[in-house]
Each structure stands twice: as structure tokens, then as C-alpha cells.
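S.K.: Encoded as C-alpha cells, here's the structure I'll be asking about.
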Amino acid sequence: MRIIFYLKKGLGQKQQELVREGQEILKRYEIEPLIVEENLVWEPSRIGGQHGIERLQHIVYELKEVDSFGETREKIVEMLKLLGEEAESMKQRYFKFQLVFQLLNKV
């Protein structure tokens, strides 16, 4: 998964604007949003909230905060890592939920 998504048809205008804004921030720090390792994390598909507009707003807000202080590329990469860790914790909560759900359905 890309921390800052790529644009596809079908996304709403607000989400497309947020994606462009996030991509512009990354490009200012010479981070190619679509292929660079710093913007990629592994995630299973179909985890609620992973690709919603609220998550994207949070990601762009955090990148803008770092950018507003005139920070370095390293600080932006550090923020991307933190955002990737957040995504990872969403995955862990999802798997725990799935396990509990399966156990409850066996009863």
C-alpha cells in the first residue's frame, strides 16, 4: 500500500485534491510518491478505514505539519514511517477482530 495513494477514476474530488496535495509535499522532498520505498508499506486488503478520506486527511495533515516547520527530507521520511506504523497497527487490530469473530461463530 502507498501511504499517499495514487489517483484512480471513481474517487471523489475531495479525495483527489488531498492525494495531489500529499504527493506535492513528497515531491518537494524528492520523494516519488508512486515508487519510492519510503511511501510503501505492506497491508492486507479490505481493512476498514485504510483507504477512507478520514485516513487520507490525517496523513496529509501530518505531512503538512512537518513541511510547515521547514523540515528536512529525513523528517518527512520519519513521518512516513510513523504513518506506516499506524497502518500496521490497523492491520493488527483487524486480524484480532477476525480471530475473535471466528471464535465467537464457532460457539
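Every number in this text was worked out from the coordinates using simple rules, so none of it is lab data. All figures in this text were calculated on a predicted structure; none of them were measured in a lab. Positions of Cβ are generated from backbone atoms using ideal geometry, with glycine treated the same way; all protein chains shown enter the neighbour counts.
S.K.: What's the exposure ranking of M90, M79, going from fewest to most Cβ atoms within 10 Å?
M.R.: On the way: M90 16, M79 20.
Fewest-to-most Cβ neighbours within 10 Å comes out as M90, M79.
S.K.: Taking the number of other C-beta atoms within 10 Å as the exposure measure, put K27, K75 in order starting with the fewest. Before the final figure, lay out the partial values.
M.R.: Working: K27 11, K75 14.
Listed from fewest to most nearby Cβ atoms, that is K27, K75.
S.K.: Let me ask something else. Can you work out the PRE-style zone for R20? Point 7 Å along Cα to Cβ, and I want the residues of region 59-82 with backbone N under 15 Å.
M.R.: In region 59-82, the label zone of R20 (backbone N under 15 Å from the point 7 Å along Cα→Cβ) covers no residue.
S.K.: Report the local net charge at D67: Lys and Arg +1, Asp and Glu -1, summed over other residues whose C-beta lies under 14 Å from its C-beta.
M.R.: Details: positive: K27, R28, K64, R73, K75; negative: E21, E24, E30, E62, E65, E71, E74, E78.
With Lys, Arg at +1 and Asp, Glu at -1, the neighbours total -3.
S.K.: Using r as the Cβ-Cβ distance of Q57 and L103, and R0 as 25 Å, what FRET efficiency do you calculate, to the nearest 0.05? If you can, show how the numbers build up before the last one.
M.R.: Values: r = 34 Å, r/R0 = 1.37.
Approximately 0.15, to the nearest 0.05.
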